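Worksheet: one structure, shown below.
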Amino acid sequence: MKTGIEIVPYGQILSALSTQRWGTIRHRTRISPSLRKMPWSCRVFVTFSYDLDESFAELFREKASQDTRLLVLNEGTSTDRLLSRIVDLKIRTPQRFYVIDAAAGSGKAHVVALLRSVLRRIASSAESDDSAERILDATAEDGVLHVVSTSFNRLDVPLAKTREFAHVNPSEIQRFEIDEDGAFIYWPGLDVHLGWTQLQQLVNPEAALKALQKSEEFNKRYGKAVQELREEAGLKRGDISGISEKQLRRIENGECRLTSNAIEALSKAHRLAPNEYMKRLAAALD
């Protein structure tokens with residue numbers, strides 16, 4: 001079970017939230033204007049770019065820990081000034097801050113709607129009992145989808161090289177929506193849904209697998225897929241060079257994880273590249 005997140009609005013963000021019932025959005029997420037010590041695992045400061053003044057810098061440096069994150073809605077502040085303010089905050093890693101472009105729309109209603117969306121995704125991430133990341137924001141440029149999770153992790157996914165988008169007009173890639181809880185990105189015109197784990201698998205299949213293997217149920221399903229592919233290829237357990245029959249049996253029964261060495265041995269036996277073998281496993285799971 002994930003631990004709680006305290007969201008701390010600052011400056012004009014606090015005014016924008018004053019008429020909303022944000023405090024009850026999720027039971028493990030707290031919207032708080034105060035900075036008293038709370039038993040929450042992480043604080044996320046939320047502010048507009050023009051509120052990143054000296055007072056905020058002093059407050060942030062005083063109250064922030066290594067788990068504190070900063071979410072900035074940029075309503076037109078120049079890149080140079082914005083970077084200067086971030087440097088003043090002494091944030092050393094990109095996983096601790098993210099800037100959302102809030103100038104693309106028009107009027108206060110757009111900004112409030114955007115704010116509501118990103119806070120809901122953060123709250124949903126805190127409430128979720130699974131280990132998968134939720135999606136906070138995404139942009140598409142030159143065939144690459146830049147995705148940010150609610151933990152501020154980043155993925156750069158070359159969609160044009162994936163099966164679902166291999167022959168799609170680049171303009172279609174731009175037409176996507178993010179689920180209100182951040183569970184997936186959806187392309188209505190293509191009827192394609194991709195969650196964080198699926199996107200991660202496109203970039204780094206083994207990293208995605210390691211994240212999923214924390215679930216015993218997933219290991220059983222994945223092991224079953226390994227067995228089905230092996231049997232479809234007419235291979236016996238003893239035909240897999242580089243892995244013992246006993247270990248392969250345990251993998252197929254979901255009793256242990258599919259390691260990098262096992263992936264290499266299995267893909268070689270199937271006469272496939274490791275990435276292609278893992279894509280077939282993913283298809284078998286679906």
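The values are calculated or read from the model by the stated rules, or taken from the named source; none is laboratory data. Quantities reported herein were computed from a predicted structural model and do not represent experimental measurements. No Cβ is skipped: glycine too gets one built from the backbone with ideal geometry, and neighbour counts run over all protein chains shown.
Side notes on the structure shown:
- Criterion violated by residue 168 - all others in (1) modelled with pLDDT under 85; (2) surrounded by fewer than 15 Cβ atoms within 10 Å (Cβ to Cβ) satisfied: (2)
- Residue within the range 8-19 that is of a type in the set (Val, Ile, Thr), modelled with pLDDT of 90 or more and either closer than 24 Å to residue 135 by Cα or not in a loop (DSSP other than H, G, I, E, B) (or both) present: no
- In the range 215-259, the residue that is nearest to residue 283 (Cα to Cα) out of those that are of a type in the set (Asp, Glu) and within 25 Å of the chain's Cα centre (by Cα) is 217.
- Scanning the range 128-158 for residues that are surrounded by fewer than 22 Cβ atoms within 10 Å (Cβ to Cβ), more than 18 Å from residue 67 (Cα to Cα) and not small (Gly, Ala, Ser) yields a count of 11.
- Some residue of the range 271-279 being in a loop (DSSP other than H, G, I, E, B) and in contact with a Ser or Thr (Cβ under 7 Å, 6 or more places away or on another chain): yes
- Residues of the range 245-286 that are surrounded by 13 or more Cβ atoms within 10 Å (Cβ to Cβ) and small (Gly, Ala, Ser): 254, 262, 265, 267, 269, 282, 284.
- Every condition in (1) within 27 Å of residue 73 (Cβ to Cβ); (2) buried (at least 18 other Cβ atoms within 10 Å of the Cβ); (3) not aromatic (Phe, Trp, Tyr) is met by residue 201 except one, and the failing one is (1).
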